[in-house]
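Notes follow the structure.
Rule-based calculations on the coordinates, nothing more; no lab input. Not measured: the values here are computed from a predicted model. Glycine also receives a Cβ, built like all others from the backbone with ideal geometry; neighbour counts cover every protein chain displayed.
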Amino acid sequence: MVVIVMGPTGVGKSTFINAYMGEEVTKVSDRMESFLPDSHPTCPGRRLVLIDTPGFDDTYNPQYETLRRISVALASTYDKDLKVGSVLYINSVTQKRMFGSMRLDFEMFSEICGKRACPSVTVATTHWDSAELEAVGTGLSREEEFRTNFWKDIIEAGASLERIQDYQSDPERIIDRILLKAQEKDVHTRALQIQEELVEKEKFLAETEAAKKLRFSLADIMELLKATPVSADLEQYRKKMADVQDQLEALHVPLLEKFKEVFRFKRGSSSKRDEVIPESSERSSLN
């Protein structure tokens with residue numbers, strides 16, 4: 001069973017995985033890695049794989065590259081009949097507002113999962129100690145805003161809400177609940193939206209709903225850049241423009257390319273794409 005850990009940069013994804021594994025196995029980075037914990041009593045005899053993912057707000061990783069890496073990982077697990085038991089989405093309760101990059105990160109997560117997979121989703125908040133330093137009750141009020149505003153739709157569609165306050169006990173407790181819930185929901189018949197698009201419907205990555213969302217967001221960013229007066233740092237401005245343009249071009253599927261099967265994410269074609277699940281090691285880079 002696969003558990004994908006997603007969320008913006010710096011919210012505690014790696015800390016959660018390290019705490020659950022009982023040792024430091026990952027650090028904050030722009031890489032994707034998978035981890036094989038010891039067998040879990042909640043699902044004896046079944047393989048548990050944790051996959052750590054970079055955020056879509058990562059400074060060093062273009063959003064398209066992040067989407068590509070996550071898509072390769074999810075398509076590969078689907079080919080290996082390792083269904084995603086849950087997607088754990090983590091965000092910091094210290095966030096006062098959902099700014100552009102953080103909003104995009106959540107929107108991409110939503111399009112990757114799709115509404116039908118929401119019962120397999122768990123959303124969790126971190127950094128409660130920092131929030132309470134601002135004022136007593138800050139964490140509770142921010143959590144309520146997440147629950148009734150930003151995360152309202154996915155929670156109503158079946159997603160679970162959790163708190164990560166104690167890294168000594170909460171990671172194991174949350175994984176326990178995820179695995180129990182996965183068994184109740186019979187996840188062997190469930191797939192994330194992007195898995196169905198890439199493998200079952202044999203779409204190009206650029207044709208998926210997640211890619212469409214990213215393309216619209218990048219187009220908006222490009223328009224904002226064009227309307228922004230050029231600052232003294234002309235080189236940085238040109239670099240940003242070029243980066244957005246490159247990503248928009250990568251998200252475009254030329255008509256002739258649609259007839260080239262070599263680029264399809266087809267069942268049984270894992271030799272044509274990166275491997276994601278390690279056969280025996282406890283840790284594997286997914287780049």
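Converting phi to 3J(HN,Hα) with the Karplus coefficients 6.51, -1.76 and 1.60 and the offset θ = phi - 60°, region 54-60 yields x, x, 6, 9, 4, 5, 9 Hz in sequence order, with x at every glycine or proline. Could you tell me which residue out of Ile174, Gly114, Ser130 lies farthest along the dipole of region 50-183 toward its positive end? Charges go on the beta carbon: Lys and Arg +1, Asp and Glu -1, centred on the Cα centre. After comparing all options, I get Gly114.
Taking other C-beta atoms within 10 Å as the exposure proxy, Lys27, Lys115, Lys203 rank Lys27, Lys115, Lys203 from fewest upward.
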